[in-house]
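J.: Take a look at the following structure, please.
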Amino acid sequence: MSCELQYISVVLLTPAYTEFQSPLLYGCHLFIDIGSLVIVPLGRRSVLGVVWGHLSEAPKVDFEIKLVLEILSSVGKMPPYWLNLMQFIAKYYHRNIGEVTINSLPEVIRKLERTVWEKWIQETTQLEEVALPKNIQLTSEQNQALEILNNKIDGCYLLYGSTGSGKTEVYLARIKEVLTADPKAQALFLVPEINLVPQIESRAREALVGLRIAVVHSGLLSKQRFKNWWQAHTGNARLIIGTRSALLCSIPRLQIIVVDEEHDTSYREQQGGVKFSARDIAVYLARQLGIQVILGSATPSLESWYKSQNHKDRLGTSYQLLSMPARIGNRPLPDIKLVDLQKSKQKSCLSNELVSLIHQKVTLQEQVLLILNRRGYAPVLYCSYCGWKSICSSCSVYRVFHKVDYSLRCHHCGSSSKAPKHCPECGNFEIHPVGLGTEQLEEVVQNELLQLELDGGNPCRLMRVDSDTMLSSKKIIAMLQDIHNHRVDVIVSTQVLAKGHDFDNISLVAVLDADKLLYSNDFRSRERLFSLLLQAAGRAGRGGSVGYNSPSTMLIQTSYPQHAFFQYLKNRDFPGFAHSQLEERKQLGLPPFGYHALLRADAKSIADALDFLSQAREIGRKLMPTSGKNCHIFPPIPMYIQKIANVERAQLLIESPYRRILQDFLDVWQKQLLVLNRKKILRWYIDVDPLII
Ligand code: ADP
Ligand code: ZN
Ligand code: ZN
C-alpha cells in the first residue's frame with residue numbers, strides 16, 4: 001500500500017573508516033516496519049539494510065535522500081530484542097553497528113540471493129522429532145539445583161559441578177520446565193565447540209521428546225544453516241543448540257539461556273569478526289529480557305566465580321551459586337599423579353611410568369587418552385650445522401613439519417610448502433624435526449604398542465584427533481562414535497577432546513605439555529591450565545554402561561612437580577586455587593578487579609603501526625580526566641607474534657578500575673582516532689575485555 005513519503009533510518013554495512021556511519025537516512029513510499037530487511041542504494045551499489053527507525057518529520061539535510069529499492073518481505077521482521085542486542089554489541093565492543101548487524105544475518109541473505117532463500121523457505125518442513133524418551137531420575141543434588149532454578153523466571157546462576165556431576169541433565173530438566181510452561185517459549189543452549197553439539201543434541205532429543213530442536217553453528221553448510229536459522233526465527237524450533245554464533249540468531253520467544261562450560265575461551269572470538277564474549281553477552285541479554293541464564297562449569301572462569309562469591313560487581317549484580325560436588329553414581333574422580341621429568345626414566349617423550357600405565361589399561365580393555373596441544377609432527381625443522389630454522393616467510397613464527405605429506409605448514413597464515421630434504425642455507429642433509437606434535441606422538445605410541453599383544457592377538461588400535469583429522473562434521477561424528485563404541489584403544493588428541501565429552505570407558509588421561517602454560521607471560525594462563533587439566537581428568541572414569549573400570553588415573557608429566565599449582569590440582573581444590581589467583585589479581589588490579597581494552601593496529605611496517613599507536617596515546621592522554629581514578633594508557637608494543645601473513649601488528653593496553661570510565665573514554669577516543677587515520681595506511685580496532693593481553 002503506497003502512502004506519503006516516509007523517512008527511515010537504515011543500518012547497513014558501510015566501508016570502514018568512512019564518515020558515512022550507519023544508520024543512514026532513506027525515504028520510502030510504503031509503510032515499513034522497524035526490523036524489516038530492505039535493499040537500498042549506497043553509492044553505485046545496492047546493499048542490504050535493516051530498518052532501524054522511523055523519522056516523524058522530514059529531516060533537514062543538504063543532500064538528496066535516496067529511496068528504498070526493495071523490501072525483502074519474505075524474511076519477515078527481525079525482532080525488537082535482536083535489534084537492541086546488535087546495538088549493545090556494537091556500542092560495548094566499539095564496532096560499527098552495520099558490521100555487527102549485517103554480519104549476524106545468514107550468508108544467503110547477506111549475498112542477496114533472494115530466489116535461493118525463498119526456495120529454501122519453501123522446502124523447510126516441520127523439524128523432525130526422532131528419539132526415544134529417556135527418563136532419568138534426578139539425584140537429590142540435581143533436584144536441589146533444579147528446584148532453585150524452577151523457583152524464579154530470571155536471574156543469573158552459576159552451576160558449579162564436578163565433571164560428570166550431571167549438570168547437563170539439570171539444564172535439560174530446567175529447559176523442559178520452561179518450554180512446557182509456555183507452549184511458544186524458546187530456549188538457547190550454547191556449547192563452546194562444534195564437536196560438542198552432536199552429544200548435547202542427542203541427549204536433548206531424549207530428554208525433550210516432542211519439542212523441536214535446531215542446531216546452529218559454522219560447521220553447517222549455508223543451506224542447512226539458513227534452514228535452521230529460519231526455524232529459530234519463525235519460532236518453530238523450541239530449542240536452539242549451537243556455538244557462540246547461535247547467540248546472534250533471531251530467537252523471538254527466547255525464555256532461557258544455558259552457557260555450558262562457561263569458562264571456555266572459545267566463547268570469545270579470537271580472530272576476525274566482531275570480538276565479543278558470548279558468555280558475557282548471554283548474561284547481558286538475559287538481564288535485558290528478564291529471563292534466566294545458567295552458566296555451568298566444573299572450573300568456572302575467575303570472573304564468574306568471583307561474582308558467585310557474594311561479591312556484587314559495580315553494577316550491583318551477582319550470580320547465584322549452585323554446587324553439585326558429587327559425581328553421578330559416586331564414580332570416583334581419577335587419581336591425579338605427577339611424573340617428575342627431571343627424575344623419571346624415559347626412552348621417548350613418554351615416561352616409563354606412562355608407558356607401563358598405557359599397557360596396563362589397554363590390556364584391561366580400557367581406553368587411554370593422551371593430550372598434547374600441538375598438531376603436526378614437530379613445531380620446527382632445524383639444521384644442526386648452520387642453525388637454519390623453518391621460519392615462515394610471511395610470519396614471525398616457525399612453519400610446522402607435517403610428516404604425512406612431508407610438508408612445512410604455517411599454522412598462522414596457512415601457507416605451506418614441501419619440506420626440504422637438505423638445508424636450504426648450507427646444503428647439509430642433517431636437518432631434524434625439533435619438539436613434539438601429535439603426529440609424532442602417534443608414531444611414538446605406535447612403536448610402544450607394537451610390542452603389545454592384546455587379547456586374542458588383536459592389534460592395539462590408535463586414533464589421532466586434531467584439526468588435521470577432524471575434517472568435517474560427519475568425520476567428527478564418526479570418530480567420536482568409534483571412541484564411544486570402543487573401536488579404538490589409545491587416542492592421541494589436542495585439547496579438543498579434553499572437554500565436555502561423556503566417554504564411558506577411558507580410565508587413563510595423560511597430559512604431556514602442561515609446563516608450557518605453567519610458565520607463560522599471560523596472567524590468565526594458570527587459570528586456563530587448571531581448567532584444562534581438571535576438565536581432561538574429567539574424561540576419565542565416567543564408566544557408564546561398561547561400568548566396572550579399574551581405578552582411573554590422570555597423569556601429568558612435568559618438570560615442576562613441587563609447584564604450589566599442582567597441590568591445588570591434586571586436591572581438586574578449585575576454590576582454593578581461585579582464591580589464590582584472585583588475591584594476586586586484586587593486588588595488581590587485573591580482571592575482575594579492573595577492566596582492559598586494547599587498541600590494535602595492523603600495518604605494512606611495524607614503525608607505522610607503532611607510530612599510529614603513539615599518536616593515539618598522546619590524544620588519549622589529553623582526553624583523560626585529571627582526577628585520580630581513571631584510565632591508564634600503556635605505551636605501544638609489538639604483538640607477541642609480531643607478523644602474520646606479512647602484516648605487522650602492534651597494540652597498546654588501556655586499563656581502568658571502572659568499566660563505565662573505560663567505556664566513556666573509549667567512546668570519545670575512538671571518534672578522534674577516526675579522524676587521525678585519514679591516510680588509511682593501516683587498519684586498527686579496539687578490542688574490549690580481551691582474553692589475551
Ligand atoms: P556433566 O554435564 O556434569 O559433566 P553429565 O550430565 O554429562 O555430567 O552426566 C554424566 C553422566 O551421568 C551422563 O552419562 C549422564 O547420562 C549420567 N547421569 C546424569 N544424571 C543422572 C542421573 N540422575 N541418574 C543416572 N545417570 C545420570
Ligand atoms: Zn644449514
Ligand atoms: Zn605464515
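The values are calculated or read from the model by the stated rules, or taken from the named source; none is laboratory data. Just so it is clear, the structure is predicted and the values come from calculations on it, not from any experiment. We place every Cβ from the backbone using ideal geometry, glycine too, and count neighbours over all the protein chains shown. To get the accessible areas, we keep the full protein, side chains included, count just its heavy atoms, and leave off ligands, DNA and RNA. Shrake-Rupley method; radii C 1.70, N 1.55, O 1.52, S 1.80 Å.
J.: Is it true that S9 is open to solvent by 30 Å² or more (accessible area, probe 1.4 Å) and either over 30 Å from the mean Cα position of the chain (by Cα) or more than 25 Å from G76 (Cβ to Cβ) (or both)?
T.: Taking the combined requirement at face value, the residue does not satisfy it.
J.: Restricting region 350-389 to residues that are surrounded by fewer than 19 Cβ atoms within 10 Å (Cβ to Cβ) and of a type in the set (S, T, N, Q), which is farthest from ligand 1 (Cβ to nearest atom)?
T.: Among those residues, the one meeting the criterion is S384.
J.: If you go through region 229-242, how many residues are open to solvent by less than 10 Å² (accessible area, probe 1.4 Å) and either of a type in the set (F, W, Y) or in contact with a His (Cβ under 6 Å, 6 or more places away or on another chain) (or both)?
T.: Residues in region 229-242 being open to solvent by less than 10 Å² (accessible area, probe 1.4 Å) and either of a type in the set (F, W, Y) or in contact with a His (Cβ under 6 Å, 6 or more places away or on another chain) (or both): 1 in total.
J.: While we're on this one: Only one of I654, I693 is touching a strand residue (DSSP E or B) at 6+ places or on another chain (Cβ under 8 Å) and in a strand (DSSP E or B). Can you tell me which?
T.: Residue meeting the stated conditions: I654.
Condition check ((1) within 16 Å of ligand 3 (Cβ to nearest atom); (2) touching a strand residue (DSSP E or B) at 6+ places or on another chain (Cβ under 8 Å); (3) at positive phi) across all residues:
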residue: I391; (1), (2), (3): yes, yes, no
residue: V400; (1), (2), (3): yes, yes, no
residue: V404; (1), (2), (3): no, no, no
residue: R409; (1), (2), (3): yes, yes, no
residue: H422; (1), (2), (3): no, yes, no
residue: G427; (1), (2), (3): no, no, yes
residue: Q446; (1), (2), (3): no, yes, no
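J.: For region 200-229, enumerate the residues that are out of contact with any strand residue (DSSP E or B) (no Cβ under 8 Å at 6 or more places or on another chain), touching a residue at least 40 places away in the same chain (Cβ under 8 Å) and within 14 Å of V258 (Cβ to Cβ).
T.: A207
J.: Name the pairs whose Cβ atoms lie under 8 Å apart, with the first residue in region 368-394 and in contact (Cβ under 8 Å) with a residue 12 or more places away in the chain, the second in a loop (DSSP other than H, G, I, E, B) and within 16 Å of ligand 1 (Cβ to nearest atom), and 6 or more positions between them or separate chains?
T.: That search, which allows pairs on different chains as well, returns L369/F503; L369/R539; L369/A540; I371/A498.
For every residue, the table says whether it meets (1) closer than 30 Å to N458 by Cα; (2) away from ligand 2 (no atom under 16 Å from the Cβ); (3) out of contact with any Gly (no Cβ under 9 Å at 6 or more places or on another chain).
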site	(1), (2), (3)
L370	yes, yes, yes
W388	no, no, yes
S394	no, yes, yes
C410	no, yes, yes
L436	yes, yes, yes
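To keep it simple, each residue is scored yes or no on (1) surrounded by fewer than 18 Cβ atoms within 10 Å (Cβ to Cβ); (2) within 16 Å of ligand 3 (Cβ to nearest atom); (3) at pLDDT 95 or above; (4) not hydroxyl-bearing (S, T, Y).
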| position | (1), (2), (3), (4) |
| --- | --- |
| A282 | no, no, yes, yes |
| Q288 | yes, no, yes, yes |
| I291 | no, no, yes, yes |
| G316 | yes, no, no, yes |
| L322 | no, no, yes, yes |
| P325 | yes, no, no, yes |
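J.: Test each condition in (1) more than 16 Å from ligand 3 (Cβ to nearest atom); (2) touching a His at 6+ places or on another chain (Cβ under 9 Å); (3) of a type in the set (G, A, S); (4) free of Cβ contacts under 8 Å to residues at least 40 places away in the same chain for S356 and report the one that comes out false.
T.: Against the list (1) more than 16 Å from ligand 3 (Cβ to nearest atom); (2) touching a His at 6+ places or on another chain (Cβ under 9 Å); (3) of a type in the set (G, A, S); (4) free of Cβ contacts under 8 Å to residues at least 40 places away in the same chain, S356 comes up short only on (2).
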